[in-house]
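See structure below.
The values are calculated or read from the model by the stated rules, or taken from the named source; none is laboratory data. Quantities reported herein were computed from a predicted structural model and do not represent experimental measurements. Virtual Cβ from ideal backbone geometry, glycine too; neighbours counted across all protein chains shown.
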Amino acid sequence: MLEKAHEKGKTPKRLFLGLLLAVALLLLGTTFYLVIFVKDPRIFFSRKILLGIIVPALFFTLLFLCGLLAIVLTIMRKRTFPGLRWLIEKTLLSLYPFVLQIGRLLHIAQEKIERSFIEVNNQMAMASATRVQVKAGELLLLFPHCLQNDQCPYKITRRVENCRRCGKCQMGDILRISSSRGLRVEVVTGGTMARQAVRKHKPRAIIAVACERDLTSGMLDSFPLPVIGIINERPYGPCFNTRLDLKALEKAINLLLN
């Protein structure tokens, strides 16, 4: 398991998987309720209309349950199954907003759910690494611009080589690690620049450092591309002189490059 930036903030993957199961079961229960409702002779809705709702609802609910099973199977077996990737993608993209809604109803902080999702996604990305041999030139490292010292006069977004490696922030250490392995590095200001970097480099795998919200949205946008996310440290608050666990970064690199 990858080390998180905040050890005390680690959230087990079972939280997200449990909420995902709750959403799927809620959909299944709603569908069966409609099945019982359609048999009631007192209903004033057209049975054909109700059946037109029930049949696709039951199909998608069973599809999502199979997708959840595929996620668990991937994590437990620590390997991916090509035929299940589409199923996992549709399940995550379709149900993630409902997972957040269920979390709100249960008074679970969104950040906690996001951390759990990142852990689930990291496990699936590492499972992909066992099947696909990623070369150094095919691995992209994405970092937020807030890792750079706020007093630095040299802009490194889009041109990371402008970094003077002065030691006032961790960018010098990051570039030392990446250059020694021949890895591609991009420093971005947000999701739009991150997507542009992915289109530019066309990597086979990504290691991204960001806050929980940005990592989660980036992982969902990039799926099924393997993305290992490292949550940044925010000793001075969000988006200001942030840091990361360099050991976690090196561990992720070693995992993806086998």
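Worth pointing out:
- Test: PHE60 is without any contact (Cβ under 8 Å) to a residue 12 or more places away in the chain, in the same structural domain as LEU26 (by TED's automatic domain parsing) and surrounded by 14 or more Cβ atoms within 10 Å (Cβ to Cβ): no
- Flag for ARG243 being touching a Cys at 6+ places or on another chain (Cβ under 9 Å), touching a residue at least 40 places away in the same chain (Cβ under 8 Å) and not polar (S, T, N, Q): yes
- The condition of being of a type in the set (D, E, K, R), surrounded by fewer than 21 Cβ atoms within 10 Å (Cβ to Cβ) and touching a Phe, Trp or Tyr at 6+ places or on another chain (Cβ under 9 Å) does not hold for ASP173.
- Residues in segment 53-76 include none that are at pLDDT 85 or above and assigned to a loop (DSSP other than H, G, I, E, B).
- Flag if TYR96 is in contact (Cβ under 8 Å) with a residue 12 or more places away in the chain and among the hydroxyl-bearing types (Ser, Thr, Tyr): yes
- Failed condition for LEU215, given (1) surrounded by 14 or more Cβ atoms within 10 Å (Cβ to Cβ); (2) over 17 Å from ALA248 (Cα atoms): (2)
- Some residue of segment 126-140 being touching a helix residue (DSSP H, G or I) at 6+ places or on another chain (Cβ under 7 Å), outside any helix (DSSP H, G or I) and more than 19 Å from VAL209 (Cβ to Cβ): no
- Residues that are under 20 Å from LEU215 (Cβ atoms) and surrounded by 16 or more Cβ atoms within 10 Å (Cβ to Cβ), drawn from segment 86-97: ILE88, THR91, LEU92, LEU95, TYR96
- Identity of the residue in segment 1-48, of a type in the set (Ser, Thr, Tyr) and more than 30 Å from LEU255 (Cβ to Cβ), that ends up modelled with the lowest pLDDT: SER46
- Considering only residues in segment 176-188 that are in contact with a Phe, Trp or Tyr (Cβ under 9 Å, 6 or more places away or on another chain) and not acidic (Asp, Glu), the one that is surrounded by the fewest Cβ atoms within 10 Å (Cβ to Cβ) turns out to be VAL185.
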